[in-house]
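> This is the structure I have questions about; it appears just below.
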Amino acid sequence: MYIAILAGGVGSRLWPRSRESMPKQFSDVTGSGRTMIQATVDRLDGLAQMSDIYVVTGRRYRDTVLAQLPGIPPQNVIVEPSGRNTGPAIGLACVHIHRRDPSGIIALLHADHIIQDAAAYRAVLRQAEQTARSDYLTVLGITPTSPHTGYGYIKRTGEPLPVSASLPVYAVERFLEKPDRASAESFLADGSYYWNAGNFIARVDRLLGEFARQLPALHRGLEQIGSSLGSGQAQEVLEEVWERMPAISIDHGVMENAQRVAVIPLQAGWNDVGSWDALEEILGADSEGNCLVQGETLLVDSRGVIVSGGERLIALVGVEDLVVVDTGDALLIGHKKRMQKIKEVVERLRAENRTDLL
């Protein structure tokens, strides 16, 4: 099985730890001592050799990928000329792997997700590989733990598929957009809906066939890029073709109307770390509800705080429900229930041309 890790996002919701110059996937957001992309590769141990792992990223992050993942062959770092959503990014990974192994299995994963139970995750990926060999496009469905309205959902059919499986595998009935609260609550109660984390496993030729059927213009561009690989014109062709590619997600472009799609439920402590308050769920809190991620912290009569510090001591006195993030050149302090407002901070900094902080 080949692994393609998508690592091109910016992750501005975790500013100031995550920035355009160093997005969250290249940062140690949880204080584990490993960056998110390093942790992603760590939990693949036993599933794939480093030579079979590819990373799709932006040109400004290529050297960062190689520095953080020294075991990855340089030719396995696939550079997008610009961000054009997950459809072209995944297609680009497919043509590289198809050139090497046309019927190989590709697992499309994300560099900025947390998985707390790596063994359970590996077991599901092994089952997904086996299911993909039976000609299914396979998606991992996160078993929901709350009526979350920030994720898309996957609805499965009632009975497991008649495939050789050590874990349950279901046919996908449909993909759903992010729901309202009432719908999310009904999905949770129903038990046949899963969060869509964007993890897909398929035979690479099968996936490219869906591109050809549903996104013929994008597929023609991929064919041009693929034909040029290994030649002296590969970069020139990539640059020329890429900007004509439609910017579309793999979900909308391919998966929603794909044929023979299967879902495997995953319960492994998944989290996309979409905001600072998510760290409470990942890391837990002490008896006072405090989540101290990293750095030296001194708390006096303070409860429900999340602190991600750096080299200097952070002392908090008589406060509640705050997020405090100190990166040396920037200090974020805000109510943990209003962390969605961080995007306004980033927008203001961009408007003021504070590129040093972005």
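The values are calculated or read from the model by the stated rules, or taken from the named source; none is laboratory data. As the structure is a computational prediction, the values presented were derived from the model and not from experiment. Neighbour counts are summed over all protein chains in view; Cβ atoms, including those assigned to glycine, are modelled from backbone coordinates with ideal geometry.
> Name the single residue that is surrounded by the most Cβ atoms within 10 Å (Cβ to Cβ) among those in the range 149-168 being of a type in the set (Gly, Ala, Ser) and in a loop (DSSP other than H, G, I, E, B).
Here the residue is Gly152.
> Any idea how many residues of the range 302-330 are touching a residue at least 40 places away in the same chain (Cβ under 8 Å) and part of a strand (DSSP E or B)?
3
> Taking Pro70 as the residue in question, decide whether it is in the same structural domain as His110 (by TED's automatic domain parsing), free of Cβ contacts under 8 Å to residues at least 40 places away in the same chain and farther than 22 Å from Val95 by Cβ.
When the stated conditions are applied, Pro70 passes them.
> Something else about it: Go through the range 30-46 and count every residue that is in contact with a helix residue (DSSP H, G or I) (Cβ under 6 Å, 6 or more places away or on another chain), assigned to a loop (DSSP other than H, G, I, E, B) and among the hydrophobic types (A, V, I, L, M, F, W, C).
Result for the range 30-46: 0.
> The conditions are (1) closer than 30 Å to Glu173 by Cα; (2) surrounded by fewer than 16 Cβ atoms within 10 Å (Cβ to Cβ); (3) modelled with pLDDT of 95 or more; (4) of a type outside the set (Lys, Arg), and Gln259 fails exactly one of them. Which is it?
(3)
> Further, regarding this structure: Given (1) part of a loop (DSSP other than H, G, I, E, B); (2) in contact with a helix residue (DSSP H, G or I) (Cβ under 6 Å, 6 or more places away or on another chain); (3) modelled with pLDDT of 95 or more, identify the lone condition not met by Ala4.
Of (1) part of a loop (DSSP other than H, G, I, E, B); (2) in contact with a helix residue (DSSP H, G or I) (Cβ under 6 Å, 6 or more places away or on another chain); (3) modelled with pLDDT of 95 or more, only one is false for Ala4: (1).
> So Ala278 ticks every box in (1) aliphatic (A, V, I, L, M); (2) free of Cβ contacts under 8 Å to residues at least 12 places away in the same chain; (3) more than 30 Å from Arg84 (Cβ to Cβ) but one. Which box is left unticked?
Unmet condition: (3).
> Within the range 317-358, track down each residue that is aliphatic (A, V, I, L, M) and under 24 Å from the mean Cα position of the chain (by Cα).
Within the range 317-358, Val323, Val325, Met339, Ile342, Val345, Val346, Leu357, Leu358 meet the criteria.
> Being among the hydrophobic types (A, V, I, L, M, F, W, C) and either in the same structural domain as Ala120 (by TED's automatic domain parsing) or out of contact with any helix residue (DSSP H, G or I) (no Cβ under 7 Å at 6 or more places or on another chain) (or both) narrows it down to one residue among Val307, Val293; which is it?
Result: Val307 is the single residue among Val307, Val293 that is among the hydrophobic types (A, V, I, L, M, F, W, C) and either in the same structural domain as Ala120 (by TED's automatic domain parsing) or out of contact with any helix residue (DSSP H, G or I) (no Cβ under 7 Å at 6 or more places or on another chain) (or both).
Table: residues versus (1) touching a residue at least 12 places away in the same chain (Cβ under 8 Å); (2) touching a Phe, Trp or Tyr at 6+ places or on another chain (Cβ under 6 Å); (3) closer than 25 Å to Leu238 by Cβ; (4) in the same structural domain as Pro168 (by TED's automatic domain parsing).
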| residue | (1), (2), (3), (4) |
| --- | --- |
| Gly31 | yes, no, no, yes |
| Met36 | yes, no, no, yes |
| Ala39 | yes, no, no, yes |
| Ser51 | yes, no, yes, yes |
| Thr64 | yes, yes, yes, yes |
| Thr86 | yes, no, yes, yes |
| Leu92 | yes, no, yes, yes |
| Ala107 | yes, no, yes, yes |
| Ala128 | yes, no, no, yes |
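> Counting just the residues of the range 134-148 that are buried (at least 16 other Cβ atoms within 10 Å of the Cβ) and among the β-branched types (Val, Ile, Thr), which one comes out farthest from the chain's Cα centre (by Cα)?
If we take residues in the range 134-148 being buried (at least 16 other Cβ atoms within 10 Å of the Cβ) and among the β-branched types (Val, Ile, Thr), then Thr138 is farthest from the chain's Cα centre (by Cα).
> Among the numbered conditions (1) over 16 Å from Val273 (Cβ atoms); (2) not in a strand (DSSP E or B), tell me where Leu299 comes up short.
Going through (1) over 16 Å from Val273 (Cβ atoms); (2) not in a strand (DSSP E or B) one by one, Leu299 breaks only (2).
> Hey, can you tell me all the residues within the range 288-302 that are surrounded by fewer than 17 Cβ atoms within 10 Å (Cβ to Cβ) and over 30 Å from the mean Cα position of the chain (by Cα)?
Those that are surrounded by fewer than 17 Cβ atoms within 10 Å (Cβ to Cβ) and over 30 Å from the mean Cα position of the chain (by Cα): Glu288, Leu298, Val300, Asp301.
> Is it true that some residue in the range 131-138 is in contact with a Leu (Cβ under 8 Å, 6 or more places away or on another chain), within 30 Å of Ser227 (Cα to Cα) and acidic (Asp, Glu)?
The answer is no, given that none of the residues of the range 131-138 is in contact with a Leu (Cβ under 8 Å, 6 or more places away or on another chain), within 30 Å of Ser227 (Cα to Cα) and acidic (Asp, Glu).
> Mind telling me which of the residues Glu236, Glu240, Glu185 ends up being under 30 Å from Arg338 (Cα atoms) and either in a helix (DSSP H, G or I) or polar (S, T, N, Q) (or both)?
Result: Glu185 is the single residue among Glu236, Glu240, Glu185 that is under 30 Å from Arg338 (Cα atoms) and either in a helix (DSSP H, G or I) or polar (S, T, N, Q) (or both).
> Does Arg99 count as part of a helix (DSSP H, G or I), in contact with a Leu (Cβ under 9 Å, 6 or more places away or on another chain) and surrounded by fewer than 19 Cβ atoms within 10 Å (Cβ to Cβ)?
yes
> Is the range 210-233 home to any residue that is touching a residue at least 12 places away in the same chain (Cβ under 8 Å), surrounded by 17 or more Cβ atoms within 10 Å (Cβ to Cβ), in the same structural domain as Leu176 (by TED's automatic domain parsing) and among the polar types (S, T, N, Q)?
Scanning the range 210-233 turns up at least one residue that is touching a residue at least 12 places away in the same chain (Cβ under 8 Å), surrounded by 17 or more Cβ atoms within 10 Å (Cβ to Cβ), in the same structural domain as Leu176 (by TED's automatic domain parsing) and among the polar types (S, T, N, Q).
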